[in-house]
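*Asks:* My questions all concern the structure below.
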Amino acid sequence: MSESLAIRNFKIGLIDLAIVVAMLVVFVIAMYPYVRNGFWFDDSLNSQTWGLINRADTSVYDFSIKIMTSWFHAGRLMLSFPFIYGFYYLIHDPVWVRVVDVALVAVNIGLVVYLLRFLQVSWQVAGLFVLFLLVCFQIRDYHDPIASYATFLQVLVIELTVSLVFLVRWLKTGSVFSLLLSSFVALLSVFCYELNVIYVPIALLIIVFSSRQKKWQAILVVTVPFVFFVLATLYIKSVAAAKYSGSDFGALEKIPITYFVQFVSGFPGSFYFLRGENDFSFMNAFASMRSHTVSAFGLIALSLFCFWSFSRKTDTNSGGAPVIGIVLVALVLLFFPPLLIAMSSRYQSELSFGLGHIAVYYQYFGFSLLAAFGLFYASQRMAGGVRLLLCLGFSGWLGFNFIVNLDRSEKVDATFEEPRASLVRALKSGLFELVQDGDIVEIPDQPIFINGNLIYQVIQKRVYVPDEQAIAGLFDVKPNEAAKVYRLTRQAELPREWQLSLVR
């Protein structure tokens, strides 16, 4: 009896180990398109921090203070720049930046799973949550929360989840210190980016639905600091010398449609069906799978195994887990961020269907929690054939989404990464061999990230670039009196080589 029991337990352990390994492989494959992409949007300039700092003979601290001061004069309190510029000063290789970014996504997932398990949510629901989250991730032609703005949203979510960990510890132990820590960490995160004000409705839900006494005291602890933050922000906006449209209140009549555009962007496939299908049809996607047969079909097979394992019928459930409370928190994550974006003057005119603001990252978590609970409880009552079809559909879409993300990554890289990478190769091959410090290099008709900072970062030559937008208002570079004038251009036809010509 005892021997057979031991063997049985060993077999169960092997199955659990197989699921864990399968989940890790699924994560690695699904996130591969994010690891391979280059520097997009703000990252294209942030990645040149080392070159900018040393070219300007300044420091990360002084430069961060300068940027924070400029945002303050524009009516915003943003304290995240020392981290952003410090990170890019230390790491400016695109591969390592992307690896760190994806690793932080894994940390985000791990912290949420830790919270779910701390609240006695079953491993099956937690596993389904992770799978649905991977289904949500979709690379866009716009500001992407993972493929661009590397580490920014991920660090914000770490701050938010850590604050919620302390709040849940207060819920379990009644520790006032944990409650104070929760409020402090959340307030600190709001000073990094206003989006984390989402902590307030989540914390209020947790407190109101808790069994703790003196709820009003807890409510004051988590709300009063944010009231002062809002008042301080309103005052700063009122005296701001300049206005930033992203934080300016927009037109009331545009809020509903902007809200709907942002809300829809948080659902799986929203980008593809609303925008991406025009230049990457289903047939093209399936044809592309031939080039990634092992990855795509391996992803489908392993995720099918995981979906099936996590959705199987079981005699156990989430026990004492506060399911209603977690569902309400998920609804806040899904419905609250679009409201903040919809009120912005900038995004009322900038967003369109399929192109959501980076706040979709929070919406992904809300949707995935709801989908995980929904599938788990529905699967306990559905026939095996129906459950298999659902699992096939979800895993099939994950594989298809992987192919779409690869295609989108290549297309956006053609705009951002390819020009940068080709110039870096040319610089390392001696393109600027005759150029001296203080010489003038004209760079006509090139994107803003092709600039003197990138040149200095690669070959440590301090050149003067006329009308250089990348450093406008930040610092000045003076040419030498006897400076030679060069012009950097690129061939319009293949192989599109970079050329440096002497003007005078």
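*Asks:* Being surrounded by fewer than 23 Cβ atoms within 10 Å (Cβ to Cβ) and not hydrophobic (A, V, I, L, M, F, W, C), is that true of even one residue in region 216-223?
*Replies:* yes
*Asks:* Do we find that residue 435 is crowded, with 17+ Cβ neighbours inside 10 Å and either without any contact (Cβ under 8 Å) to a residue 24 or more places away in the chain or among the β-branched types (Val, Ile, Thr) (or both) in this structure?
*Replies:* For residue 435, the condition - crowded, with 17+ Cβ neighbours inside 10 Å and either without any contact (Cβ under 8 Å) to a residue 24 or more places away in the chain or among the β-branched types (Val, Ile, Thr) (or both) - is met.
*Asks:* Within region 178-200, take every residue that is touching a residue at least 24 places away in the same chain (Cβ under 8 Å) and farther than 16 Å from residue 156 by Cβ and give me the one that is surrounded by the most Cβ atoms within 10 Å (Cβ to Cβ).
*Replies:* 183
*Asks:* Out of the residues in region 479-504 that are assigned to a strand (DSSP E or B) and more than 16 Å from residue 421 (Cβ to Cβ), which is farthest from the chain's Cα centre (by Cα)?
*Replies:* Going through the qualifying residues, I end up with 502.
*Asks:* Could you list, in sequence order, all residues of region 423-442 that are over 14 Å from residue 48 (Cβ atoms) and among the hydrophobic types (A, V, I, L, M, F, W, C)?
*Replies:* Answer for region 423-442, where residues must be over 14 Å from residue 48 (Cβ atoms) and among the hydrophobic types (A, V, I, L, M, F, W, C): 426, 431, 432, 434, 435, 440, 441.
*Asks:* Counting just the residues of region 154-177 that are of a type in the set (Gly, Ala, Ser) and surrounded by fewer than 18 Cβ atoms within 10 Å (Cβ to Cβ), which one comes out modelled with the highest pLDDT?
*Replies:* Looking at the filtered set, the residue picked out is 175.
*Asks:* Does region 108-119 include one or more residues that are under 20 Å from residue 171 (Cβ atoms) and part of a loop (DSSP other than H, G, I, E, B)?
*Replies:* Within region 108-119 (the criterion being under 20 Å from residue 171 (Cβ atoms) and part of a loop (DSSP other than H, G, I, E, B)), the answer is yes, since at least one residue qualifies.
*Asks:* State whether the residues of region 363-381 include one that is over 30 Å from residue 123 (Cα atoms), assigned to a helix (DSSP H, G or I) and not small (Gly, Ala, Ser).
*Replies:* Within region 363-381, none of the residues are over 30 Å from residue 123 (Cα atoms), assigned to a helix (DSSP H, G or I) and not small (Gly, Ala, Ser).
*Asks:* For region 429-470, which residues satisfy the criterion of being at pLDDT 95 or above and on the phi > 0 side of the Ramachandran plot?
*Replies:* 430, 438, 460
*Asks:* In this structure, is residue 189 within 27 Å of residue 209 (Cβ to Cβ) and assigned by TED's automatic domain parsing to the domain that holds residue 42?
*Replies:* So residue 189 passes the test.
*Asks:* Right, another one. Any residue in region 323-346 that's farther than 13 Å from residue 201 by Cβ: show its pairings with residues that are assigned to a helix (DSSP H, G or I) and hydrophobic (A, V, I, L, M, F, W, C) at Cβ separation under 7 Å, as long as the two are six or more apart or on different chains.
*Replies:* Every condition considered, the pairs that remain are 323/373; 326/369; 327/370; 327/373; 338/263; 342/255; 343/255.
*Asks:* Tally up the residues in region 52-105 that are small (Gly, Ala, Ser), in the same structural domain as residue 242 (by TED's automatic domain parsing) and touching a Phe, Trp or Tyr at 6+ places or on another chain (Cβ under 7 Å), please.
*Replies:* 0
*Asks:* If you go through region 143-158 one residue at a time, do you hit one that is of a type in the set (S, T, N, Q), under 30 Å from residue 39 (Cα atoms), over 12 Å from the mean Cα position of the chain (by Cα) and part of a helix (DSSP H, G or I)?
*Replies:* No.
The values are calculated or read from the model by the stated rules, or taken from the named source; none is laboratory data. All figures in this text were calculated on a predicted structure; none of them were measured in a lab. When we count neighbours, we look across all protein chains shown, and the Cβ atoms used for this are built from the backbone with ideal geometry, even at glycine.
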